[in-house]
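Worksheet: one structure, shown below.
The values are calculated or read from the model by the stated rules, or taken from the named source; none is laboratory data. Predicted model, so just to flag it, every value in this text is computed and none were measured. Neighbour counts are summed over all protein chains in view; Cβ atoms, including those assigned to glycine, are modelled from backbone coordinates with ideal geometry. Protein only, heavy atoms only, side chains kept; ligands, DNA and RNA dropped before computing areas. Shrake-Rupley method; radii C 1.70, N 1.55, O 1.52, S 1.80 Å.
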Amino acid sequence: MTANNGSRPVLMFDSGIGGLTVLREARVLMPERHFIYIADDAGFPYGGWEEGLLREHIVKLFEGLIARYDPEIAVIACNTASTLVLADLRAAFPNTPFVGTVPAIKPAAERTRSGLVSVLATPGTVKRQYTRDLIGEWASKVHVRLVGSERLAGLAEIYMRDGFVDEAAVREEVEPCFIEQDGRRTDIVVLACTHYPFLVNRMRKAAPWPVDWIDPAEAIARRAISLLPQQRSGPREPLLSEPDFAVFTSGTPDFATRRLMQGFGLKVL
Ligand code: DGL
């Protein structure tokens, strides 16, 4: 048995720290795996990028990542990227399985009782054709409100690094998710940006009434494990194995970011 049980790493990708919400679930399900976390902080936030430019940017970035780390699987732990570039990545790197993160519209449509569902996401994700297609395919009988937030991903970054959150700003961003219509109320909010689960307790506090907040992180981790060969070995031996690590595309994560990564068991390269 080698230090990493003979397997290649699982690459987890996001524009920032949001993918950590998926990483923590993946780690629980696959303690024997070696993880590499990539934060494209030089490109953050992805929400406002022009689609063509973002597509090119991510495919180019992956040329380097695949060549360098040769992952067994790549998890795009970012809705804004997945809803745009997943098909391009699969076409460009046919030997790498990709798992995407896309708005959990299907489970929301299955679970809603009131028939009023909101999808809270970046401005990029709400305008994607991919998102519209998901609604057409799975939620045609449900009223889905798409709420694009300019600020929440950035607020989550600040919260996780510095422990500070502007509660009034969270309230303003979340408020449009809540609608009342013919005596019915929104009963589900889909967290369609991987940064948002970090703020969910603040969102609950800001909500005018209780709703179910859907965080797809566990489902994504389960999808990833289903695509990997079963490993019979136990957890990796921490002292012998290569540590999980994080790479920031800016090359200059600050002290608070390094500290946060350490908290997630990631060494910053
Ligand atoms: N975490 C990303 C997502 O799931 C988006 C953050 C951003 O770059 O705006 O959509």
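Which FRET efficiency value, to the nearest 0.05, is calculated for residue 185 and residue 250 with the Förster distance at 25 angstrom and r the Cβ-Cβ distance? Using R0 = 25 Å, I get an efficiency of 0.05.
Residue 137 exposes around 120 Å² of accessible area when a 1.4 Å probe is run over every protein chain in place. For a straight C-alpha distance cut-off of 28 angstrom, the lysines reachable from residue 141 (same-chain residues fewer than eight places away being disregarded) are 106, 127.
The C-alpha radius of gyration of segment 1-135, expressed as a fraction of 2.2 N^0.38 Å, stands at 1.11.
Comparing 123, 229, 97 in a Gaussian network model of the chain where C-alpha atoms under 10 Å apart are linked, the largest mean-square fluctuation is found at 229. Approximating the spin labels as points 7 Å out from Cα along Cα→Cβ, the residue 50-to-residue 162 distance works out to 3.1 nm. Considering only 112, 194, 80, the mean-square fluctuation computed in a Gaussian network model of the chain, springs between alpha carbons under 10 angstrom, is largest for 112.
Using the alpha carbons of segment 151-269, what is the convex hull volume per residue in cubic angstrom, as a whole number? Present the calculation step by step, with values, prior to reporting the outcome.
On the way: hull volume 18.7 nm³, N = 119.
Per-residue hull volume (Cα only) is 157 Å³.
Per residue, segment 130-269 exposes an accessible area of 56 Å² to a 1.4 Å probe, with every protein chain left in place. Note on residue 264 and residue 228: the model spin-label points, each 7 Å out from Cα along the C-beta direction, lie 1.6 nm apart. Rg of the Cα atoms in segment 118-207, relative to 2.2 N^0.38 Å, amounts to 1.12.
Between 0 and 90 degrees, the angle of helix 51-69 with respect to the longest Cα principal axis of the chain falls at about 30 degrees.
Computed on the chain, the Cα convex hull volume stands at 127 Å³ per residue. Across 115, 47, 251, mean-square fluctuation computed from a Gaussian network of the chain (C-alpha pairs under 10 Å connected) peaks at 251. Rounded to the nearest angstrom and listed largest first, the equivalent-ellipsoid semi-axes of segment 74-227 from its Cα gyration tensor are 26, 20, 13.
Using just its DSSP H runs of length 4 or more, each adding -39500 (n - 2.57), the chain gives a mean residue ellipticity at 222 nm of -12000 deg cm²/dmol after division by all residues.
For the chain, the longest principal axis of the C-alpha atoms and the axis of helix 152-162 are separated by about 50°.
Taking the alpha carbon gyration tensor of segment 163-224, multiplying each eigenvalue by 5 and rooting it gives semi-axes of 22, 18, 8 Å, largest first.
Over the Cα atoms of segment 134-177, Rg to Rh with Kirkwood Rh, two decimal places? Display every interim value, and only then the final one.
On the way: Rg = 14.3 Å, Rh = 12.3 Å.
Result for segment 134-177 is an Rg/Rh of 1.16.
Between residue 28 and residue 204, full extension at 0.36 nm per residue minus the direct alpha carbon distance yields a gain of 60.8 nm.
Put simply, segment 83-136 fits an ellipsoid with semi-axes of 26, 13, 8 Å; these come from the alpha carbon gyration tensor as the roots of five times its eigenvalues, largest first.
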